[in-house]
Amino acid sequence: MENDFHIIKNLMKQYDGSFYIYDEKKISSQIQILLENFPQFEFLYSIKTNPFPPIVKFVASKGFGADAASAQEVITGQKAGMPYEKILYSSPGKTSKDIERTIDKAMIIADSYNELVLINSVAQQKNIHKKVGLRINIDFSMDGEKGTSSKFGVDENTLVKQKEFLNGFSNIKIVGIHVHLRCQILDHGKICRYYERIIELGLFCKETLGWEMEFINLGGGLGIVYSLINDTPLDIEKLSCDCQGLIQRFNDKLKVRLIIETGRFITCEAGRYVTRIVDIKESLGTKYLIVEKGLNGFSRPSIAELLMDYTPENSNLKASEPLFTTKDAFEFIIPEGDTFDHEKVSIVGSLCTATDILVKDAMLPKAKIGDIVIVSKAGSYSYSLSPILFSSFCLPFQFYLNSDGEIFRSGTNSIL
Ligand SMILES: Cc1ncc(COP(=O)(O)O)c(C=O)c1O
């Protein structure tokens, strides 16, 4: 930590502005946990979590493919060295332009019946034959109830009726399915029941619909601890054990690639947001530390504060992924503060809006103007989900610290 702070302090001195720093060692140790516990599974990195190229490249070097949610993410995966069969492109509303751009670069997962027609017609125009996947809105919920309406995929209960249509394309053939219901699950039993249900669906697609199944993409869901008070870590070893059982059960009936998508599990805690105090003031009993970039640097803590303003005390806020997960997710560290003298402060940004609050009434070491503030859990859904263009400030930088201590920087912080 001390060495890290030295690096952070030097970066702040050199670049004189707020930034994100991502730590390869942490990403690597999270990847290792998955590879060791799930040797029979393949992993895709959900690029939307954090598309910073050095991260995608590192993840690719560990054998991960890409869960790409746009044509551009397909290109990002390809540039990071991921081969065709490891890039699965799944999102609703793909246009023919998206399909033309990616058909030779990724396994496309159709998100609707119309999309199957679109992919087939692009393949026809190009005079090629393609294998594709289909996203299915499974009739199942994590909480043991029936499925619900969704904008994603096609409803499971429509498949049999559409069998002829699904199997009648001239230039495409369905060889896999994709299901994703929810993120941030910490109960290994829930995840395992969900996987089991999807594998059963895969078997149904093989036996009843006659598909030559090559893969089952089980989607995302591996959660991490946000709230130190309320969250119990996902028991990876137990999940691994449950998964072994599942594989033994289905192994001789269905030989397919079993794929898990993951994002936050590998990058969230590897990222920190760094800003510095530019002013300190008091107003009617509240002490404000004004930082260079608050909401427009890292929006998730501000969204948490905003939601709390509208929510009765002690009520259980519903997670609204990926903008909000829990209320007490972020740690605020002022390494140069006076650890012997704590005070209650609110950390706010320099935008002309009252919602620009990172944290309200936190007990923190007494700080002075110029001190650095570090915010934890900034590696996923952070830079890309923050309103970095608001009010025309320069952009936060992004830095990648590799295991040899080398630092890679994002291009520029200019908004021009
Ligand atoms: C289809 C799909 N897969 C995987 C993920 C990754 O989720 P997480 O970052 O929670 O692992 C997401 C996130 O939104 C998703 O939509």
**Request:** Looking at (1) within 14 Å of the ligand (Cβ to nearest atom); (2) over 21 Å from the mean Cα position of the chain (by Cα); (3) open to solvent by 20 Å² or more (accessible area, probe 1.4 Å), find the lone condition where Ser70 falls short.
**Result:** (2)
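Listed here are the residues, each with its yes/no results for (1) surrounded by fewer than 16 Cβ atoms within 10 Å (Cβ to Cβ); (2) in contact with a strand residue (DSSP E or B) (Cβ under 6 Å, 6 or more places away or on another chain); (3) of a type in the set (Val, Ile, Thr).
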{"residue": "Ile128", "(1), (2), (3)": "yes, no, yes"}
{"residue": "Ile138", "(1), (2), (3)": "no, no, yes"}
{"residue": "Val160", "(1), (2), (3)": "yes, no, yes"}
{"residue": "Ile172", "(1), (2), (3)": "no, yes, yes"}
{"residue": "Gly176", "(1), (2), (3)": "no, yes, no"}
{"residue": "Ile185", "(1), (2), (3)": "no, no, yes"}
**Request:** Tell me which of these Ile236 doesn't satisfy, since it passes every other one: (1) within 16 Å of the ligand (Cβ to nearest atom); (2) hydrophobic (A, V, I, L, M, F, W, C); (3) buried (at least 18 other Cβ atoms within 10 Å of the Cβ).
**Result:** (3)
**Item:** Enumeration of residues in the range 267-285 that are among the aliphatic types (A, V, I, L, M), touching a strand residue (DSSP E or B) at 6+ places or on another chain (Cβ under 7 Å) and either in a helix (DSSP H, G or I) or surrounded by fewer than 18 Cβ atoms within 10 Å (Cβ to Cβ) (or both)
**Value:** Ala270, Val278, Ile280
**Residue check, Pro301 open to solvent by 20 Å² or more (accessible area, probe 1.4 Å) and either away from the ligand (no atom under 16 Å from the Cβ) or within 27 Å of Ile47 (Cβ to Cβ) (or both)** = no
**Request:** Could you give me the residue pairs with C-beta distances under 7 Å whose first residue belongs to the range 23-48 and is within 12 Å of Arg264 (Cα to Cα), whose second residue is away from the ligand (no atom under 11 Å from the Cβ) and basic (Lys, Arg) wherever it lies, and which are 6+ apart or on separate chains?
**Result:** Ile31/Lys62
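Between Gly271, Gly294, which is of a type outside the set (D, E, K, R) and touching a helix residue (DSSP H, G or I) at 6+ places or on another chain (Cβ under 8 Å)? Give the steps one after another, and end with the answer.
Details: Gly271 fails: touching a helix residue (DSSP H, G or I) at 6+ places or on another chain (Cβ under 8 Å).
Answer to the selection: Gly294.
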**Asked** In this structure, is Gly189 within 19 Å of Leu34 (Cβ to Cβ), of a type outside the set (Ser, Thr, Tyr) and surrounded by 20 or more Cβ atoms within 10 Å (Cβ to Cβ)?
**Response** no
**Message:** When you check Ile216 against the structure, is it part of a strand (DSSP E or B), touching a strand residue (DSSP E or B) at 6+ places or on another chain (Cβ under 6 Å) and closer than 30 Å to Arg135 by Cβ, yes or no?
**Reply:** yes
**Request:** Filter the range 319-330 for residues that are of a type outside the set (Ser, Thr, Tyr) and within 16 Å of the ligand (Cβ to nearest atom) and give the result.
**Result:** Ala319, Glu321, Pro322, Leu323, Phe324, Ala329
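The values are calculated or read from the model by the stated rules, or taken from the named source; none is laboratory data. The structure presented is a predicted model; accordingly, all values stated were derived computationally and were not measured. Reconstructed Cβ throughout: ideal geometry from the backbone, glycine too, with neighbour counts over all protein chains shown. Note: accessible area is taken over every heavy atom of the protein model, side chains too, but ligands, DNA and RNA are not part of it. Shrake-Rupley method; radii C 1.70, N 1.55, O 1.52, S 1.80 Å.
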